[in-house]
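The values are calculated or read from the model by the stated rules, or taken from the named source; none is laboratory data. Fair warning: this is a prediction, and the values are worked out from it, not measured in the lab. As a convention, Cβ positions derive from the backbone with ideal geometry for all residues, glycine included, and neighbour counts pool all protein chains shown.
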Amino acid sequence: MRDTSPDPALSATLLEWYDRHARDLPWRVAPAARRAGVMPDPYRVWLSEVMLQQTTVAAVRDYFHRFTRRWPRVEALAAAEDADVMGEWAGLGYYARARNLLKCARAVTADHGGVFPDDHDRLLALPGIGPYTAAAISAIAFDRPEVVMDGNVERVMARLFDIHTPLPDAKPALKARAAQLTPRTRPGDYAQAVMDLGATICSPKSPACGICPWRDPCQARSAGTAPELPKKQPKKTKPTRRGIAYIAERADGALLLERRPDSGLLGGMLGWPGTPWAETPTEDAPPFAADWQELEAEVRHTFTHFHLILRVRAARLPDGPVPPRLHLIERTAFRPSDLPTVMRKAYDLWRGGAA
DNA sequence: AAGACGTGGCT
DNA sequence: TAGCCAAGTCT
């Protein structure tokens, strides 16, 4: 292990690379414009950072465009209906983000006059903004020299300094290294540069060390250990749960759905009524008595912590009162894209067999 | 403080 | 195919 005293040229090297290779992203102000004094809209920085939590740029792009077209400013988002925001978020995952997005927009509008606070601590106090996002907004939107720690930065630091301690134990050491490198000039561009580097060149598998701006100082590259870093604790295997979803269609095409409770899996989202999802098969629990027909195929879906095998049963909904806690949605008002993916899979399966 | 919390792309 | 992985936060 060679000496690891901080090298003040490291951040400068990365910023030079970023000036030439920064990705063109819809929420980003290009480095040339930033150097000319143009700063990004904090609303767009916040929205993009929340969407990017545990989510790839490729998945976020279209959602970002739809959100900003529909709600161009934080006050507009704050005034939106919950169901519209949840529907627009559908498919992006981690739905607590959407619930907190609305809470945050309403807090910024009501408590901060529609202006995002420009300091880390007040950002951190807002719903859905944790240590990473508070630092990222501070740095990117307000050019504050925050230490921005995300998965990219952890990986880049683990490799640059050849740190073999497994995550999450390595986090303090990785953060100390990141703090050493964070520059006082252009901290916003620097933060975006490290994340770009991690997302493109210093990727988890087969990093492109040959074209990396930090290939010379990178200790893992010298040691040949870059592809195996950072080390991680082994993951637990996912159990398989099973359940039944019930799709009821009235003669005029209207569909019977439920709004899921705000907490827990798919919280706040629209879905088909059904049994709980459990490893041991649960009792049949149709929303009303009918001649339910089970589809031959089944939905397979994997969540963060379990696999799901979902059987789908369909029936005709008779005219009359709607069962409690369920919503009848006219077919013209029903958008499959409002459903979380697992529910949309069930819909696709049913419609493919029924229509 | 460890587990809950989604999804799609890549290997 | 099955597992790994992504610009984390909340409880």
task: Need at least 1 residues that are among the hydroxyl-bearing types (Ser, Thr, Tyr) and assigned by TED's automatic domain parsing to the domain that holds A:Gly87 per element, so show me which strands (runs of 3 or more DSSP E) inside the range A:245-355 make the cut, counting only ones lying wholly within it.
output: none
- line: Scanning the range A:66-114 for residues that are among the aromatic types (Phe, Trp, Tyr) and surrounded by 16 or more Cβ atoms within 10 Å (Cβ to Cβ), the one farthest from DNA strand B (Cβ to nearest atom) turns out to be A:Trp71
- prompt: Can you spot a residue in the range A:145-155 that is in contact with a Ser or Thr (Cβ under 7 Å, 6 or more places away or on another chain) and acidic (Asp, Glu)?
  reply: yes
- line: Matching residues in the range A:326-355 (within 14 Å of A:Ala314 (Cα to Cα) and without any contact (Cβ under 8 Å) to a residue 12 or more places away in the chain) number 3
- request: Name every residue in the range A:171-202 that is in contact (Cβ under 8 Å) with a residue 60 or more places away in the chain, assigned to a loop (DSSP other than H, G, I, E, B), of a type outside the set (Val, Ile, Thr) and surrounded by fewer than 21 Cβ atoms within 10 Å (Cβ to Cβ), in order of residue number.
  value: A:Pro183
message: Which residue is farthest from DNA strand C (Cβ to nearest atom), if the candidates are limited to the range A:5-51 and must be of a type in the set (S, T, N, Q) and without any contact (Cβ under 8 Å) to a residue 60 or more places away in the chain?
response: A:Ser5
message: Any residue that is within 18 Å of the chain's Cα centre (by Cα) and free of Cβ contacts under 8 Å to residues at least 12 places away in the same chain - is there at least one of those in the range A:117-126?
response: yes
- request: For the range A:232-256, name all the residues that are among the charged types (D, E, K, R) and within 23 Å of the chain's Cα centre (by Cα).
  value: A:Lys232, A:Lys235, A:Lys236, A:Lys238
message: Give me the residue from the range A:233-274 that is among the polar types (S, T, N, Q) and touching a Leu at 6+ places or on another chain (Cβ under 8 Å) and, out of that set, surrounded by the most Cβ atoms within 10 Å (Cβ to Cβ).
response: A:Thr240
